[in-house]
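Q: Dropping a structure here in structure tokens format, bear with me for questions.
The values are calculated or read from the model by the stated rules, or taken from the named source; none is laboratory data. Remember, predicted model here, so these are calculated numbers, not experimental data. We place every Cβ from the backbone using ideal geometry, glycine too, and count neighbours over all the protein chains shown. These area figures cover heavy atoms from the full protein model, side chains too; ligands, DNA and RNA do not enter into them. Shrake-Rupley method; radii C 1.70, N 1.55, O 1.52, S 1.80 Å.
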Amino acid sequence: MGSEMCIRDSIETISAKGLECVVALADEPHDDDIHEGAIGVKRSGCHGFCEMGPLVRIEPEGWLYTKVKLDDVDEIVDKTICNGECVERLCYKKNGEIYRQQSEIPFYKMQQRIVLEHCGHIDATSIKEYLAIGGYRAFEKALLNMSPEDILNEMTESNLRGRGGGGFPLGRKWTSVAKQKSPTKYIVCNGDEGDPGAFMDRSIMEGDPHRLLEGMMIAGIATGAKEGYIYVRAEYPLAVSRLKGAIAQAEQFGLLGDNILGTDYSFRIHINRGAGAFVCGEGSALTASIEGKRGMPRVKPPRTVEHGLFNEPTVLNNVETLANVPVIINNGAKWFRSIGPENSPGTKAFALTGNISNTGLIEVPMGTSLRKVIFDIGGGMRGDGKFKAVQIGGPSGGCLVTPNLDIQLDFDSLKKVGAMIGSGGLVVMDDKSCMVEVARFFMNFTQNESCGKCVPCRDGLPRLAAMADEIAACEAGEDALERCRKARLEILDKVMLPCISEPRAEVSQYAPKMITMHIDPERIREVIGKGGSVIQKIVADTGAKVDIDDDGTIHIASANAAACDAAKKCIDDIVFVPEVGKLYYGRVVRLMQFGAFVEIAPGKDGLVHISKLDRKRVEKVEDVVTVGDMIWVKFMEIDEKGRWNLSRKDALIEIEAQQAAAKAAEQQ
């Protein structure tokens, strides 16, 4: 009811200004619904700049408003719609500069958007808008002016490589299917985007669905296929809805179905929704799922180009790969190869997530450096964090660290360092991220999603996960990382181990560490107490594991070396025993109870200055005693009845006696 009232109020506000407003709640407004002079509000695809959303683009000016709220509608109508003025407070700002045009914003300006060119710029549900910007022109050219051989040669010459992760040349795959003698062939689009942190294909399906259909239709002409299937994960309901609408519109316009554009060529496209199984991203598992079987991979050969869907020759490409096809047909293979390195031409879409300032969807030429993507386009690390690593290529990929920042993001360069471009997900991590936990996450993910057919996966992953758990629990031993390296365990080797090639100062932040301390058992019982609240407090504060033996041996362990060092410092402070007659300036001592700190340094006023002392629990300032210029800290503990017991009183009496003797000597 509240939303309805807000919409009604907005309509009344706009109408009062003499403007006609078109609002459709069940269906989005199309060109036929909007009359001349009326305001049309359309839902586009993803603009890419997720960090600044919700985004509103004003056409034809190209202004981009960021972080728009419902309360901003009145001002947008008054200034922008009625008077043609830009609402500058809603524009993107950086370093005191205001960016009105979307194309001027550094996040967009440093990109080269080809596949994502129309996302956020057109009504994704309107075939008329797609046609108006040149949509289906490539299909028309391929159908009426090119032979299947011409298309295959053009795609082979372009050297377009699969954007789903493998990087297999599209031209070779299409040619292999075209050579098969079977009269029945299929075009299958893999829209099962399962890698954590990846949403590139989703953006294309939601923001430019007709472009995907056009790519599949051209593939059908080239290979002789007459049917296509789009396999979309069920978690993408908007993508499914817009693809269905695009197919219906294409059929209505005679671009899909029988005898397309008056020719003898026929092609139909179907949609299958997956249940979210990660393994269905693999080709043979995907086709099995479409057939109504359990989505499980099969042994190869034969490949899908020979025996794929329904045991027929099948072209299997992902969304981004097929979305590149129309622009190559329109502009030519030579133009496409002019972008990026020779062996990895074109652009690549990446999803930036994690501890980075500008999260969102970007598209850059292949060969762009990781540094430019993270620090120039992505805006660097969020807050005061420092770059530690970026996870690339999904669970089968790896981590790139500081020495890899200048590496080129293309198939061959990443392969040299043991990583892969994958589908394009980039999860950026700062210096607060624990690489052991990252490895554990991906191991648990792959263990849960594995089909279990092969021994290395079925039996190896549980053992690998158990090893990571041991490392995280500080129970793996000091040689744990070396054992992982020797065993060449895939996920640890690609996620956690690449980081230990950094300088030791960097490694110490996350490499497992163990410290053994030997303390007088009497002193342990006096100020700590085995298993008491003091140890619990240290564990809670530092995250390290602390055990105390009966002989006074203290074992400190953690997967984070910094936590180990912090715990040791806490224990050093607690068991510290001042020497009688010695001055201690500027030393910070942790009182036993509740992690309270006492700074034992006299001020100019002659008083002892107490810092971070929990006065609610430690009520008496006498806990810190000064005798003249001498400072003494009384260590305290609580007995079984909850009473405060002060220790080392004898030492305090000794200090007072020394002071009294000194004064007596002066008087004599």
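Q: Can you pull the one-decimal nm distance between simple spin-label points at A234 and Q101, each 7 Å off the Cα toward Cβ?
A: Result for the modelled spin labels: 4.7 nm.
Q: Still on this model: On a 20 Å Cα-Cα criterion, which of the cross-link pairs K372/K432; K42/K348; K69/K93 come out too long?
A: Where the Cα-Cα span goes over 20 Å, the pairs concerned are K372/K432; K42/K348.
Q: Now, a different point. Please report, as a whole percent, how much of the solvent-accessible surface of region 272-421 comes from carbon and sulfur atoms (probe radius 1.4 Å).
A: 48
Q: Still on this structure: In nm, to one decimal, how far is the modelled label at D431 from the one at D549, with both set 7 Å along Cα→Cβ?
A: 3.6
Q: For Q112 and I407, FRET efficiency with R0 = 22 Å and r from the beta-carbon atoms, rounded to 0.05?
A: The computed FRET efficiency comes out at 0.70.
Q: Which Rg and Dmax, in Å, describe the Cα atoms of region 387-477?
A: Rg, Dmax (Cα atoms, Å): 14.3, 39.
Q: At 1.4 Å probe radius, can you tell me the per residue accessible area of region 272-360 in Å²?
A: Normalised by residue count, the accessible surface of region 272-360 is 37 Å².
Q: Here is a further query. Ranked from highest to lowest mean number of other Cβ atoms within 10 Å per residue, what is the order of the peptides 114-123, 209-218?
A: Highest mean packing first, the order is 209-218, 114-123.
Q: Starting from the Cα of L144, step 7 Å toward the Cβ, then list every residue of region 330-353 with an amide N under 19 Å from that point.
A: 330-332
Q: Also, I was wondering about something else. Between D78 and A664, what is the FRET efficiency for a Förster distance of 56 Å, r being their Cβ-Cβ separation, to the nearest 0.05?
A: Efficiency for this residue pair is about 0.05.
Q: In the full protein assembly as shown, how much of L70 is accessible to a 1.4 Å probe, in Å² to the nearest 10?
A: The accessible area comes out at roughly 100 Å².
Q: What pairs from K128/K244; K179/K226; K386/K416 go past 19 Å between their alpha carbons?
A: Exceeds cut-off: K386/K416.
Q: Excluding ligands and nucleic acids, what accessible area in Å² is computed for I204 using a 1.4 Å probe, to the nearest 10?
A: 0
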